[in-house]
Amino acid sequence: MSVDGSVEARHDFVLRSVEDRGVRFVRLWFVDVLGSLKSMAIPVSELASALEDGVGVDGSSLEGSVRLAERDVIAHPDPLTFQILPWRPGSLVARMFCEVRGPDGRPFAADSRLALTRVVRQAAELGFSFEVGSEIEFFLYAAPPGDGSARGVEDALPVALDEGAYFDLTALDVGSDFRRRTIEYLEQMGIPVKSAHHEVAPSQHELDLQHTDALSMADALMTFRLAVKEAARTVGCYATFMPQPVEGQPGSGMHLHLSLFDADGNAFYSPDQAEVLSPVGRAFLAGILAHGPELCAVTNQWVNSYKRLANGFEAPQHVSWTRHGRSALVRVPSLRRDRPGGARIELRSPDPAANPYLVFALVLGAGLRGIERGYELEAETVDEAGPLTRRLPRDLDEATDLFDASELARDTLGDRLCDWYVLNKRREWAEYSTTVSSYERRRYLRL
């Protein structure tokens, strides 16, 4: 949705749209510190009041799994995010993302959407806008036998729907119908899809979203994950964004194409053909490389995320950049000189389980720090088999320690949000550390 003008004009547009389209309910969406989508529904009779004054919610719902105490906060719908949910045609339900603030109007520390908004404004004060394009990989599996409950999914080994490989054109099947329906859902909600194709592993898919501003992309990714799951349900399957669902197969990443724009255009573009990036682009990239390891707890937030990073299937393990390889942390794509707007860097570590608001906030914060402090870009890695000295964390425990001690993370997100995030990751690691896996039973039970 694109509406210009005053806040009152935006509210009026939403109210008119609800009446014209026959919408009966509006879902107010907000996101916890882990990137889980939260929602409450209101009837349209309450919509005008919600737009004007917000709706009271329990702020502890934004703290993830470590809810400490109930907190009275107000969810304020953003009218620019109003869209009809296309998978609910019978009851005509719409949604709006919300900013969460205290009763005094101050930003609520656990609202990761507001955290991203704050960093985007800092970039704007320096004359930059931050744009992101996303390549999201995921798996589509056959529904398990039985009642289709979550327990059935957990106990059964995932059943692939095809034996396709990278860019394979398979016969018209469930996967084809699924991708078509997903694209239709997204486009009906104003989210343009650049392309869709089969990925490397059996039953693995990728959809690429067109570049847009960081906040819109984060909202789009939250919508994308729900749209994919809804589309999968309609074809009798289930989709997973688990980074490494099957051992011995490629995992799922979420490659991010990043660029800064200023008043003169793409700030990463260099007219000097000997340079792959402008001085601004080189400093931004240097900032990401300098702080990459301490951001991993957010770009790769699950215990399972580190199985993908360790599996050797083109996922990065070391801090490096390259123009042509696929296992570096950052790749600088080749640029058509007649298209300076396409200058960008590709961050390859994130996976689709991440909280996109926190990822974008931290990546932008790292890049801006590189620009403001004049970081020097290290040499390109041209031989992927050569020696690499700096590595990414090997597991979530190490990543959480680095994040907890990160000055950049705390300056960017604030101490309270960082502390809540760390508490969640410490709990996840503790639960994982005491869990006896099938690997351990196979290896040790009869030894």
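The values are calculated or read from the model by the stated rules, or taken from the named source; none is laboratory data. Since this is a predicted model, take the numbers as computed values, not measurements. As a convention, Cβ positions derive from the backbone with ideal geometry for all residues, glycine included, and neighbour counts pool all protein chains shown. Protein only, heavy atoms only, side chains kept; ligands, DNA and RNA dropped before computing areas. Shrake-Rupley method; radii C 1.70, N 1.55, O 1.52, S 1.80 Å.
I'm checking my understanding of the structure. Among residues of the range 113-136 that are more than 11 Å from L215 (Cβ to Cβ), open to solvent by less than 10 Å² (accessible area, probe 1.4 Å) and not aliphatic (A, V, I, L, M), which one is farthest from the chain's Cα centre (by Cα)? Filtering first and then ranking leaves G133. Checking each residue in the range 34-77 for being part of a loop (DSSP other than H, G, I, E, B), surrounded by fewer than 20 Cβ atoms within 10 Å (Cβ to Cβ) and under 22 Å from the mean Cα position of the chain (by Cα) picks out S36, S65, V66.
Regarding D177, is this residue open to solvent by less than 50 Å² (accessible area, probe 1.4 Å), modelled with pLDDT of 75 or more and farther than 21 Å from M40 by Cβ? Steps first, answer last, please.
Details: open to solvent by less than 50 Å² (accessible area, probe 1.4 Å): no; modelled with pLDDT of 75 or more: yes; farther than 21 Å from M40 by Cβ: yes.
Against the criterion (open to solvent by less than 50 Å² (accessible area, probe 1.4 Å), modelled with pLDDT of 75 or more and farther than 21 Å from M40 by Cβ), D177 does not qualify.
Considering only residues that are crowded, with 21+ Cβ neighbours inside 10 Å and among the basic types (K, R), which ones fall in the range 349-383? Result: R369, single match. Just one of the listed residues (R323, R344, R339) is basic (K, R) and either free of Cβ contacts under 8 Å to residues at least 24 places away in the same chain or open to solvent by less than 10 Å² (accessible area, probe 1.4 Å) (or both), namely R339. Only one entry of S270, S259 meets the criterion of being touching a Ser or Thr at 6+ places or on another chain (Cβ under 6 Å) and either open to solvent by less than 20 Å² (accessible area, probe 1.4 Å) or touching a residue at least 40 places away in the same chain (Cβ under 8 Å) (or both), and that entry is S270. Residues in the range 40-59 that are farther than 14 Å from F82 by Cα and touching a residue at least 24 places away in the same chain (Cβ under 8 Å): 6 in all.
Listed here are the residues, each with its yes/no results for (1) over 14 Å from the mean Cα position of the chain (by Cα); (2) modelled with pLDDT of 95 or more; (3) outside any strand (DSSP E or B).
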position: G341; (1), (2), (3): yes, no, yes
position: S349; (1), (2), (3): no, yes, yes
position: F360; (1), (2), (3): no, yes, yes
position: G370; (1), (2), (3): yes, yes, yes
position: V382; (1), (2), (3): yes, no, yes
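A Cβ distance below 8 Å, combined with a sequence gap of six or more or placement on separate chains, defines the contacts here; from the range 356-376, residues that are under 17 Å from S129 (Cβ atoms) and touching a residue at least 60 places away in the same chain (Cβ under 8 Å) reach residues that are among the acidic types (D, E) and open to solvent by 10 Å² or more (accessible area, probe 1.4 Å) in the pairs G365/D411. All of G133, G127 fail the test of being modelled with pLDDT of 95 or more, within 30 Å of R373 (Cβ to Cβ) and part of a loop (DSSP other than H, G, I, E, B), apart from G127.
Apart from one condition, C418 fits all of (1) in a helix (DSSP H, G or I); (2) over 30 Å from E247 (Cα atoms); (3) open to solvent by 40 Å² or more (accessible area, probe 1.4 Å); the exception is (3). Per the conditions (1) hydrophobic (A, V, I, L, M, F, W, C); (2) open to solvent by 10 Å² or more (accessible area, probe 1.4 Å); (3) under 20 Å from the mean Cα position of the chain (by Cα), the sole criterion not satisfied by C296 is (2). Inside the range 20-33, can you point out the residues that are touching a residue at least 24 places away in the same chain (Cβ under 8 Å) and open to solvent by 50 Å² or more (accessible area, probe 1.4 Å)? R21, R24, F25, R27 - these are the residues of the range 20-33 that are touching a residue at least 24 places away in the same chain (Cβ under 8 Å) and open to solvent by 50 Å² or more (accessible area, probe 1.4 Å). A94 meets the conditions (1) over 18 Å from L28 (Cα atoms); (2) in a strand (DSSP E or B); (3) not aromatic (F, W, Y) in every case but one. The failed one is (1). Can you find a residue in the range 421-428 that is of a type in the set (A, V, I, L, M, F, W, C) and either part of a loop (DSSP other than H, G, I, E, B) or at positive phi (or both)? Within the range 421-428, none of the residues are of a type in the set (A, V, I, L, M, F, W, C) and either part of a loop (DSSP other than H, G, I, E, B) or at positive phi (or both). Of the set (1) touching a residue at least 60 places away in the same chain (Cβ under 8 Å); (2) under 19 Å from E8 (Cβ atoms); (3) touching an Asp or Glu at 6+ places or on another chain (Cβ under 9 Å), all apply to W87 but (2).
The selection criterion, being assigned to a helix (DSSP H, G or I) and surrounded by fewer than 18 Cβ atoms within 10 Å (Cβ to Cβ), does not hold for R394.
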